[in-house]
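The values are calculated or read from the model by the stated rules, or taken from the named source; none is laboratory data. Computed from a predicted structure; not experimentally measured. Note that each Cβ is placed from the backbone with ideal geometry, even for glycine, and that neighbours are counted across all protein chains shown.
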Amino acid sequence: MIIDFHTHVFDLRGPGDKEKRPVTWNDLIERLDEEGIERAVVLPLGISPEILLGPSLFGRGSDILSQINPPEWASKRVVLFGSLDPRMGCVGNLTDEGASEILEDRLPYFDFSEILEEYRRRGIRGIGELTANLPQDDPLVINMFEQCGNYNFPVLFHTTGPGRGVYGLWDEPGLPRLERLLKAVPGTTCIAHATGIWAEIDGDIVPEDKYTYPKRKIKKRGRLLELLEKYSNLYVDISGTSGFNGITRDRDFGVAFLNEFREKIVFGTDVCFAGKEDRRPHLGYLRKLLEEGEIDQRTFSLITGKNAVSILSLEV
Ligand SMILES: [Zn+2]
């Protein structure tokens, strides 16, 4: 069973791509059929302000409920995730206790259980895609990840480098903050995505790599490999330009990476728009590697479906 672990049914248009067409449930299932994919993990967006560009704010179907309520005919083909932002919640309103917590600079540790319960009732299987611009090891992030783990919800998150004006959880080169998070939440499955994590496939990383698509060949194993080896709760998704660049910028290194970490990698596309030209090359590339004998059937099956089945505890 092939599972696309990273899809959206959301209006992702920014000011620069107003002519693009947002993906509908219909478009999603049509693409799955044409590409020979059985199921898609649908990751709602829009809960964090970082992802809300002009058109999407007014787009139809961009609210959470629309993104977790597929039509009946599509429901067997999708696995639904819920959406959270670690900054949600507040303790400071209208109570002396809340006021003193704020004055003492204590952080508002929000109890997510009511929302997580509601997600569970609605058949949600995980949380993501997280896009909040926060340090990867912020106490609010750790709090949210820990509670998701208590509900057996894996968390999929966008990663980037330090600074404002970008979206996603950020970390310095070398991933010190991600390591702190992984240690702090051993019971939570963490699925990393985007430029911040893929830059770390290369041990000779420069800070700019965390935001871009570096093309250099890889001479030295990066921190990503070390953390994948060391932490059983870390996975990486190959979706988007970032993941595809990560596994192809140095073809031989990429193939060796896929083989070595086949139990820690999930296939996804991150298709953002409905046009044929907006489709992604990931699955075609993996199929080609299989055909050419660069990866074997077991490696192909793990990356394109089996790992997802076990992360999501899907019955097949
Ligand atoms: Zn995405």
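Structure summary
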| item | result |
| --- | --- |
| Search result, residues across the stretch 166-224 that are of a type in the set (Val, Ile, Thr) and more than 14 Å from Ser242 (Cα to Cα) | Val166, Val185, Thr188, Thr189, Ile191, Ile205, Val206, Ile218 |
| Residue match in the stretch 61-83 (condition: within 16 Å of the ligand (Cβ to nearest atom) and more than 24 Å from Gly275 (Cα to Cα)) | yes |
| Residue list for the stretch 286-306, filter: farther than 13 Å from Phe5 by Cα and of a type in the set (S, T, N, Q) | Gln297, Thr299, Ser301 |
| Residues being modelled with pLDDT of 80 or more and on the phi > 0 side of the Ramachandran plot - total across the stretch 78-125 | 2 |
| Failed criterion for Phe153 (all others in (1) within 20 Å of Ile47 (Cα to Cα); (2) modelled with pLDDT of 95 or more; (3) outside any loop (DSSP other than H, G, I, E, B) hold) | (3) |
| Breaking point among (1) part of a loop (DSSP other than H, G, I, E, B); (2) more than 13 Å from Leu181 (Cα to Cα); (3) in contact (Cβ under 8 Å) with a residue 12 or more places away in the chain, for Asp137 | (2) |
| Conditions (1) more than 21 Å from Cys190 (Cβ to Cβ); (2) among the β-branched types (Val, Ile, Thr); (3) in contact with a strand residue (DSSP E or B) (Cβ under 7 Å, 6 or more places away or on another chain); number of the one not met by Thr212 | (3) |
| Residues located in the stretch 242-263, provided they are within 16 Å of the chain's Cα centre (by Cα) and farther than 10 Å from Trp198 by Cα | none |
| Among (1) within 16 Å of the ligand (Cβ to nearest atom); (2) in contact with a Gly (Cβ under 9 Å, 6 or more places away or on another chain) - the single one Asp17 does not satisfy | (2) |
| Of residues in the stretch 216-244 being part of a loop (DSSP other than H, G, I, E, B) and closer than 17 Å to Pro281 by Cα, the one nearest to the ligand (Cβ to nearest atom) | Ser239 |
| Neighbours by Cβ (under 9 Å, 6+ apart or cross-chain): first from the stretch 221-248, within 14 Å of Ile205 (Cα to Cα); second within 15 Å of the ligand (Cβ to nearest atom) and outside any helix (DSSP H, G or I) | Leu224/Ala192; Leu224/Val236; Gly246/Val236; Gly246/Ile238 |
| Selection count where residues are surrounded by fewer than 21 Cβ atoms within 10 Å (Cβ to Cβ) and closer than 19 Å to Met88 by Cβ, scope the stretch 142-166 | 6 |
| Output for the stretch 222-240, where each listed residue is surrounded by 15 or more Cβ atoms within 10 Å (Cβ to Cβ) and over 13 Å from Leu175 (Cβ atoms) | Asn233, Tyr235, Asp237, Ile238, Ser239, Gly240 |
| Residue list for the stretch 18-56, filter: surrounded by 19 or more Cβ atoms within 10 Å (Cβ to Cβ) and among the small types (Gly, Ala, Ser) | Ala40, Gly46, Ser48 |
| Only one of Ile218, Ile197 that is farther than 24 Å from Leu312 by Cα, touching a strand residue (DSSP E or B) at 6+ places or on another chain (Cβ under 8 Å) and free of Cβ contacts under 8 Å to residues at least 60 places away in the same chain | Ile218 |
| Matching entry among Glu30, Glu38, Glu50 (being within 16 Å of the ligand (Cβ to nearest atom), of a type in the set (D, E, K, R) and either at pLDDT 95 or above or within 17 Å of Ile127 (Cβ to Cβ) (or both)) | Glu50 |
